[in-house]
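**Student:** Below you'll find the structure I mean.
Read-outs: derived from the displayed coordinates by stated rules, not from any lab. A quick note: this is a predicted structure, and the numbers were derived from the prediction, not measured. Methodologically, a virtual Cβ is constructed for each residue, glycine included, from the backbone with ideal geometry; neighbour enumeration extends over all protein chains shown.
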Amino acid sequence: MTTRRAPQPGAEHLSEPLRSRWSPSVYDAAHTLDRAEIDQLLHAAQWAPSAGNSQPWVFFVCERGSANHDRLVAHLSRGNSGWVPLAAAVFLSAGHVSTGADADAPAYSDYALYDVGQAAAHLTLQARSMGLHSHQFAGFDHEGLAADLGLPATHVLLTGIAVGLRGDPASADERTAARDLRVRERNGLGEIARAGTWTEPWVGDRA
């Protein structure tokens, strides 16, 4: 099985587990995570930074074969219904965005979504450090799944993080397997960073 490496240029200079992190779509359906491993992943998210230590995140654990997993699978989009169920577990992220159910209730934190993103990133990097892979996705019926999970109006359901061991692409359908063979690319630093105002791209070290 071909091992995917970090793209060039740039990522090869990153430290692990940043360098080897990527998002496969083919997972080993026989692999499972034990409770200690799940706790370890959740602890990584738990210790992410947040504004004023507000910690505006909740993760629904959807282990394959669990009731939560069944709830998730029932609401997956067509494109995600083939590969997501094969991962050992999915962590659904939710953000605490409001202090009350009323539409005019004050925000719980002005930076809630930013902070949940950091917690999710910590979880994915912890997964990679454990020899696992993760793939984040948003293709599911958010309202329907939130209702099935009993999510209160103070929170919003955001994304899923599929975690597991990479499977054999030969066992996957052609479309899913092809996703794992795509070249990994990113926009250049001049496109994502500014040296001054908006019209001044970061040049960086071209030596």
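**Student:** When Cα extents along the principal axes in Å is calculated directly from the model, which label among [x] 46, 36, 29; [y] 55, 49, 32; [z] 46, 43, 28 fits?
**Tutor:** Among [x] 46, 36, 29; [y] 55, 49, 32; [z] 46, 43, 28, the one derived from this structure is [y].
**Student:** Going by how many other Cβ atoms sit within 10 Å of their own, how do TYR108, TYR27 line up, fewest first?
**Tutor:** TYR108, TYR27
**Student:** For TYR114 and SER15, compute 0.36 nm times the residue count separating them, minus their Cα-Cα distance, and round to one decimal in nm.
**Tutor:** 33.3 nm
**Student:** Same structure again: Within the range 60-85, name every residue whose backbone N is under 14 Å away from a label modeled 7 Å from Cα of ARG175 along the Cβ vector.
**Tutor:** Residues 77-84 fall inside that zone.
**Student:** Looking at ALA51, LEU72, PHE137, which one has the Cα that reaches farthest to the positive end of the dipole of the range 25-192 (charges on Cβ: Lys, Arg +1; Asp, Glu -1)?
**Tutor:** PHE137
**Student:** What ranking do TRP57, TRP202, TRP22 get, fewest neighbouring Cβ atoms within 10 angstrom at the top?
**Tutor:** Fewest-to-most ranking of TRP57, TRP202, TRP22: TRP202, TRP22, TRP57.
**Student:** Neighbouring Cβ atoms within 10 Å as the yardstick, rank THR154, THR197 fewest first.
**Tutor:** Fewest-to-most ranking of THR154, THR197: THR197, THR154.
**Student:** On to the next question. Nothing charged except the Cβ atoms of Lys and Arg (+1) and of Asp and Glu (-1): what's the magnitude of the dipole of the chain about its Cα centre? Round to the nearest 20 debye.
**Tutor:** Here the size comes out at about 700 debye.
**Student:** How high is the relative contact order of the chain, in percent, with contacts defined as C-alpha pairs under 8 Å that are six or more residues apart?
**Tutor:** It rounds to 28 percent for the chain.
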